[in-house]
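A short worksheet on the structure shown next.
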Amino acid sequence: MKKQGSTRSQAGQIILILILVMTVALGIGLSVIQKSLVDISTASKAEESSRAFSAAEAGVESSLQGNTNGQNFAETLSGFKNVSDSGLIPSVPAVGSRQTALEYLLLAKEDIVHIWLADPNANLPTCVYSSVCYNQSTLEVYWGNSSTDKAALELTLVYYDGSIYQSRKWYLDNPFAVRNPPNGFDTVNVFCGGNYSLPGAVYQCHKTLGDNSGTNNTSLLGPLNSYKLMLIRARLLYNTNSQPLAVQAVGTCGRDCSLPPQARQIVSTGISGETQRTVKLFQMYKVVPPFFDYALFSSGEINK
Amino acid sequence: MNNQRGVSLVESLLVIVAVAAIVFLMVNIPNVVNLMGKSNHLSLVREIGLKQLEDKRTTSYINLVNGTTTISDTRISLLPQGTGTVTVADCDPSICTNSEHIKKITITVSWKDNNKQQDFKIDTFVGEGGLNQ
């Protein structure tokens, strides 16, 4: 009886080992099957995603050429839709409302911002249509966000006088800065410490260019009535930390009172099957490089 | 003693389950191998197609000549009977209604999995002065 009991015990062990081995084998087998299913699913989704992305890029390409219509590619069952082209940053306001301010990211000391006053895509310096060149007599400028780190502002206006391009500079300083007036910067009617609030930031200083105030007369169009405004270069001075800058057009007559295009944003959504991919493109219009402000340009030879 | 020599119902069931599991695995192994191969091929094809697309996007618009060319990517030889073409065509006038300078690029890669024809196609537009131009 003792021997029979031992034999029975051994047979049970074999079954247990068999179950264990089968469980392990089944587990491995199922995991391999699951992995292959996940692989094929991932590959299919990646394929759909690539198609959707390419379709979205096609929408951007199409919009860059001025066509914002949707399109379907029949052979790949993909396509793009919802293509939007803002065309202008800041956007063109409706007649009766004012254009939103053009606010720049924080500028370090002596960083330069290029603000178009004429549409760079137009046939400059001709300003056939009023919307090509900024034609208002004043322009609002805001800068700085610190009451202790007081920034000054250098502005360079480039305009066309009918025969050649000309430029003029203004230096605007915070009236509470101890360096002024010894530095000779214009502080007349430069308002600082007023906490001028725009959607993107609260600004310390504000000046209305063209208000005919100041020792250097920031007139935009007073004596320049027949001149065409091309661009303004702005540079913060004296600031230790980076600070914001903004300009805002005046007037409420829609496009004719607005700043011309500075940049545009295109949004395109590509679709393929159940997959959607959206591509956003921010295109900044060509600007003059920073060394422009430090270089001497001449149409002819320069003689010492 | 008679009971001890026989095979219990539980033991029989366990053997049946074990055999079923083995059969299940054996039957599915070829499918699993095929699926793994297919997913590998699909990933490779996608890489080849996207590379071709990016190559076209970085080609100057003026050098995008209408027509169909064979893909010369060496990786295509890793596909069973793999072939591929790049087709450049003018944008359909019904889409580019203002004669915009846009080319339609179609990448097609074909290969065989288990003697079944597989195709990968992808379309896009490339415009003059557009992305990467």
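The values are calculated or read from the model by the stated rules, or taken from the named source; none is laboratory data. Predicted, not measured: the structure shown is a model, and the values here were computed from it. No Cβ is skipped: glycine too gets one built from the backbone with ideal geometry, and neighbour counts run over all protein chains shown. Areas reflect the complete protein model, heavy atoms only, side chains present, ligands, DNA and RNA absent. Shrake-Rupley method; radii C 1.70, N 1.55, O 1.52, S 1.80 Å.
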Taking region A:88-98, which residues are out of contact with any helix residue (DSSP H, G or I) (no Cβ under 7 Å at 6 or more places or on another chain) and over 20 Å from A:Ile266 (Cβ atoms)?
A:Gly96, A:Ser97, A:Arg98
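Condition check ((1) closer than 15 Å to B:Asn98 by Cβ; (2) in contact with a Gly (Cβ under 8 Å, 6 or more places away or on another chain); (3) among the aliphatic types (A, V, I, L, M)) across all residues:
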position: A:Lys45; (1), (2), (3): no, no, no
position: A:Gly59; (1), (2), (3): no, yes, no
position: A:Ser63; (1), (2), (3): yes, no, no
position: A:Asn72; (1), (2), (3): no, yes, no
position: A:Lys81; (1), (2), (3): no, yes, no
Quick one: in region B:98-129, of everything that is free of Cβ contacts under 8 Å to residues at least 40 places away in the same chain, in a loop (DSSP other than H, G, I, E, B) and facing chain A (nearest Cβ under 9 Å), which residue is surrounded by the fewest Cβ atoms within 10 Å (Cβ to Cβ)?
B:Asn98
Which count do you get for residues in region A:150-176 that are open to solvent by 20 Å² or more (accessible area, probe 1.4 Å) and either over 20 Å from A:Asp119 (Cα atoms) or of a type outside the set (Val, Ile, Thr) (or both)?
14
Out of region A:227-270, which residues are surrounded by fewer than 22 Cβ atoms within 10 Å (Cβ to Cβ) and touching a Lys or Arg at 6+ places or on another chain (Cβ under 6 Å)?
A:Thr252, A:Val267, A:Thr269
Which one of these is outside any strand (DSSP E or B) and open to solvent by less than 60 Å² (accessible area, probe 1.4 Å): A:Val92, A:Val128?
A:Val92
I need every pair where a residue in region A:37-48 that is in contact (Cβ under 8 Å) with a residue 24 or more places away in the chain and at the interface with chain B (Cβ under 7 Å from one of its Cβ atoms) has its Cβ under 7 Å from the Cβ of a residue that is open to solvent by 80 Å² or more (accessible area, probe 1.4 Å) and small (Gly, Ala, Ser), sequence separation at least 6 or different chains.
none
Would you point out the residue of region A:70-89, among those that are facing chain B (nearest Cβ under 7 Å) and touching a residue at least 12 places away in the same chain (Cβ under 8 Å), that is surrounded by the most Cβ atoms within 10 Å (Cβ to Cβ)?
A:Ser78
Matching residues, region B:10-43, being open to solvent by less than 60 Å² (accessible area, probe 1.4 Å) and more than 7 Å from chain A (Cβ to nearest Cβ)
B:Ser12, B:Ala20, B:Gly37, B:His41
Being open to solvent by 60 Å² or more (accessible area, probe 1.4 Å), at the interface with chain B (Cβ under 7 Å from one of its Cβ atoms) and among the aliphatic types (A, V, I, L, M) narrows A:Ile28, A:Ile19 down to just A:Ile19
